[in-house]
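> The structure is given below, and queries will be raised subsequently.
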Amino acid sequence: MPGALQNAATQWFGPAFDRLHPLLQALHRSGGTLGGEIAISTGTGTAGRIGRRLARKLGIPIDRPRRGFRVDIIHDSQQMQWRRRFDDGSELISIFRPVGRYPDGYWLESTGPARMRLGVDLDGGGWRWRLRGVDVRGLRLPLSLFPRTDAYKRIEPDGEGERYRFAVAFSLFPFGELLRYEGALHAIPAVTASSADPAGAAVAAAHSSAERVIP
């Protein structure tokens, strides 16, 4: 990528960065804000109880099945920051620091007291996280004791353009799926993204056909 802006993401992927969909490349080269409406669900029975506890620890509101949502994605040469905000004011902020290079390297995601080692699989222009290990308060845990995480992002057509589809799900054997949140997001222009009601603006942007393409 001669002459391209370099940051933690482009440097970590190296030549494989070009395998991402062009709109994902743009998002992770320059950063941006995405918003829309997402679905949030928990499991049933024991899985539901564990999922609700997990949601509280992560700061994910589960009182309604659908919520306005936005995520600000920021890069510098050392890390990525994802700032997720729900329309009730709840926030979930993750810091990702690169280790090594793709495909054998990984990202260290810090979210609260937990730190996850995440590899990346590239498929069809999309990006899927692969959990490699977990530390909680400095203690390395066996993966069998930690909920399995399935998280991906990709670009898909929506009839009038393209949108950013993502899903994050946590499951634990033998209980099944504990918690899931997912949605199809659209770009929020810089002026709207800086408004006083960002999550509400995210919903408005999701219904505007003018904002169907990630910048």
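> Based on the mean of other beta carbon atoms within 10 Å per residue, what is the order of 99-108, 137-146, most packed first? Don't jump to the answer; show the numbers that get you there.
Numbers: 99-108: 15.7, 137-146: 9.9.
Answer by packing, highest mean first, reads 99-108, 137-146.
> Let me spell out the model: positive unit charges on the Cβ of Lys and Arg, negative unit charges on the Cβ of Asp and Glu, origin at the Cα centre of the chain. What dipole size does that give, in debye rounded to 20? Show your work: numbers first, answer last.
Details: 30 positive and 22 negative charges, 178 e Å.
That gives the chain a dipole magnitude of about 860 debye.
> Binning at 10 angstrom from zero up to the longest distance, how are the C-alpha pair distances of the stretch 8-208 distributed in percent?
Calculated over all Cα pairs of the stretch 8-208, the distribution is 9, 34, 38, 18, 1 percent.
> Give a residue-ordered list of calculated ³J(HN,Hα) values for the stretch 71-86 (Karplus: 6.51 cos²θ - 1.76 cosθ + 1.60, θ = phi - 60°; whole Hz; x for Gly, Pro).
Along the stretch 71-86, the couplings run 9, 9, 10, 10, 10, 9, 6, 10, 6, 10, 10, 10, 10, 9, 10, 9 Hz.
> Now for a separate question. Counting only residues 5 or more places away or on other chains, whose amide H sits under 5 Å from the amide H of GLN79 once H atoms are built in the peptide plane?
ALA8
> Picking from HIS75, ALA187, VAL168, whose Cα lies most toward the positive end of the charge dipole for the chain (charges on Cβ: Lys, Arg +1; Asp, Glu -1)?
VAL168
> Let me ask another. Quick one: which residues, 5+ away or cross-chain, put their amide H under 5 Å from the amide H of LEU179? H built at 1.01 Å from N.
GLY43, PHE170
Throughout, read-outs are computed from the coordinates displayed, never taken from laboratory work. Small disclaimer: the values here were computed from a predicted structure and weren't measured. When we count neighbours, we look across all protein chains shown, and the Cβ atoms used for this are built from the backbone with ideal geometry, even at glycine.
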